[in-house]
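Below: one structure, written as structure tokens.
The values are calculated or read from the model by the stated rules, or taken from the named source; none is laboratory data. Predicted model only: the values in this text are computed from it and were never measured. Every residue, glycine as well, gets a Cβ built from its backbone with ideal geometry; the counts of neighbours run over all protein chains shown.
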Amino acid sequence: MKIYTKTGDKGETSLIYGSRVPKDHPRVEAYGTLDEANAAIGTAISLLAAENNAFKKSLQRVQTLLFHAGAELATPPEKKVQWKLEPKHTNDMETEIDQWTAELPPLKQFILPGGCPSAAALHQARTIVRRSERLIVAMMEENRNGEVLRFINRLSDYLFVAARYANLLHETEEVLLVPDI
């Protein structure tokens with residue numbers, strides 16, 4: 001199987017089920033941005049220490065769910081969605097957020113994105129997810145499943161706490177915002 005198809009050489013791409021749209025179509029922007037976030041999460045996973053398997057598995061589960069969200073966004077409104085995000089997926093993330101938060105020091109002021117390399121990548125993923133959320137809101141009329149937006153909104157919270165948790169696992173201090181520099 002060849003990787004290149006040459007079907008996009010004139011600025012169009014295919015949605016699921018084959019309908020063609022311009023590569024700057026709002027759907028393509030939205031699911032392409034989720035792909036960026038997924039890659040940043042993959043970078044974070046690659047930077048985690050080997051002993052953090054449960055944490056890695058959680059992040060990989062989220063990567064899979066991002067593919068589900070992208071599939072929903074890439075499916076034309078009149079077609080059946082193959083993979084569908086369910087409330088359970090968002091609820092499971094909330095459970096992990098709560099579990100990690102219980103282990104973290106209380107947050108009393110803003111922190112700067114960064115810390116250990118995996119935390120920095122997770123903070124980057126979080127900002128990409130926020131951008132995707134704005135793009136999804138812009139196309140809400142075409143997005144039939146409100147759970148996608150709920151999931152993406154919660155995902156940015158999940159990635160923020162995951163970044164803090166990565167710093168905890170790597171014994172790296174968070175950099176607190178000092179407003180008067």
Whichever residue in region 66-87 is aliphatic (A, V, I, L, M) and either modelled with pLDDT under 95 or surrounded by fewer than 21 Cβ atoms within 10 Å (Cβ to Cβ) (or both) and, among such residues, is farthest from GLY115 (Cα to Cα):
VAL81
Quick one: VAL129 ticks every box in (1) assigned to a helix (DSSP H, G or I); (2) surrounded by fewer than 19 Cβ atoms within 10 Å (Cβ to Cβ); (3) modelled with pLDDT of 90 or more bar one, so which box is it?
(2)
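Condition check ((1) without any contact (Cβ under 8 Å) to a residue 24 or more places away in the chain; (2) assigned to a loop (DSSP other than H, G, I, E, B); (3) over 17 Å from ALA37 (Cα atoms)) across all residues:
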site	(1), (2), (3)
GLU72	no, no, no
PRO76	no, yes, yes
LYS79	no, yes, yes
LYS84	no, yes, yes
THR101	no, no, yes
PRO106	yes, yes, yes
Tell me which residues, restricted to region 129-181, are touching a residue at least 60 places away in the same chain (Cβ under 8 Å), β-branched (Val, Ile, Thr) and over 25 Å from PRO77 (Cβ atoms).
VAL161, VAL175
If a residue must be without any contact (Cβ under 8 Å) to a residue 60 or more places away in the chain, in a helix (DSSP H, G or I) and of a type outside the set (Gly, Ala, Ser), how many such residues does region 39-58 contain?
3
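Kindly indicate whether any position in region 155-176 is loosely packed, with under 14 Cβ neighbours inside 10 Å, assigned to a strand (DSSP E or B) and not hydroxyl-bearing (Ser, Thr, Tyr). Before you say what the answer is, go through the steps one by one.
Quick first cut of region 155-176, residues loosely packed, with under 14 Cβ neighbours inside 10 Å only: 171, 173, 175-176.
Remaining after also requiring assigned to a strand (DSSP E or B): 175-176.
Keeping just the survivors that are not hydroxyl-bearing (Ser, Thr, Tyr) gives 175-176.
Yes - at least one qualifying residue is present in region 155-176.
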Failed condition for ARG150, given (1) surrounded by 16 or more Cβ atoms within 10 Å (Cβ to Cβ); (2) out of contact with any Gly (no Cβ under 6 Å at 6 or more places or on another chain):
(1)
